[in-house]
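The block underneath contains the structure these notes are about, expressed in structure tokens.
The values are calculated or read from the model by the stated rules, or taken from the named source; none is laboratory data. This one's a predicted model, so the numbers in the text were calculated from it and none came from an experiment. Cβ placement follows ideal geometry from the backbone for every residue including glycine, while neighbour counts extend to all protein chains displayed. Accessible surface areas use protein heavy atoms only, side chains included; no ligands, DNA or RNA. Shrake-Rupley method; radii C 1.70, N 1.55, O 1.52, S 1.80 Å.
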Amino acid sequence: MSDQISEERAAAYYIGGIMMVVGVLSFFSVFITGAMHFGDFSNFEERGRSEMLRAFGGMGLIVLGGIIRGIGARGLAGSGVILDPKQAREDLEPYSRMAGGMLKDTLNEADIHLGSGNVPTEEKVVVKVRCSQCGHLNSETAKFCEECGAKQ
Ligand SMILES: [Zn+2]
């Protein structure tokens with residue numbers, strides 16, 4: 001039983017997700033109606049109030065939905081809403097196992113990222129000068145050809 005996420009938590013997860021979607025739609029609808037009524041100042045105050053409500057309501061829904069979604073995914077204790085380390089471990093157990101693969105992927109990605117971070121982004125440019133006598137590529141600073149000794 002404890003290896004399954006409870007129905008309540010699953011429901012909270014999806015409700016939270018839906019709230020976030022509705023919030024995003026509400027938030028962006030402000031820009032759409034704003035663009036549609038651009039330059040139209042009739043009912044300006046009324047529409048302004050409605051847009052403010054939708055913008056802030058949308059943001060509120062996104063934040064609240066995110067919290068509910070997090071609680072659904074990780075449980076009340078697991079998401080830190082209630083302080084109960086033992087319960088938290090139990091709450092997180094199915095989630096960690098499920099996320100284990102994802103986490104590993106993320107770590108691998110981070111590793112690659114860290115690895116590439118060690119590679120200098122600006123590659124050192126080495127300028128070579130070709131010897132006019134023998135064609136050997138000498139370093140830019142060489143006074144004499146490294147191959148035939150001709151003056152560079
Ligand atoms: Zn040479």
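Every condition in (1) touching a residue at least 24 places away in the same chain (Cβ under 8 Å); (2) touching an Asp or Glu at 6+ places or on another chain (Cβ under 9 Å); (3) open to solvent by 50 Å² or more (accessible area, probe 1.4 Å) is met by Leu76 except one, and the failing one is (1).
Each row is one residue, and each column tells you yes or no for (1) surrounded by 13 or more Cβ atoms within 10 Å (Cβ to Cβ); (2) within 30 Å of Glu93 (Cα to Cα); (3) in the same structural domain as Ile71 (by TED's automatic domain parsing).
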| residue | (1), (2), (3) |
| --- | --- |
| Gly16 | yes, yes, yes |
| Val30 | yes, no, yes |
| Asp40 | no, no, yes |
| Arg47 | yes, no, yes |
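Residue-level analysis places Arg54 outside the set of residues that are among the basic types (Lys, Arg), within 30 Å of Asp91 (Cα to Cα), in the same structural domain as Ala88 (by TED's automatic domain parsing) and surrounded by 11 or more Cβ atoms within 10 Å (Cβ to Cβ).
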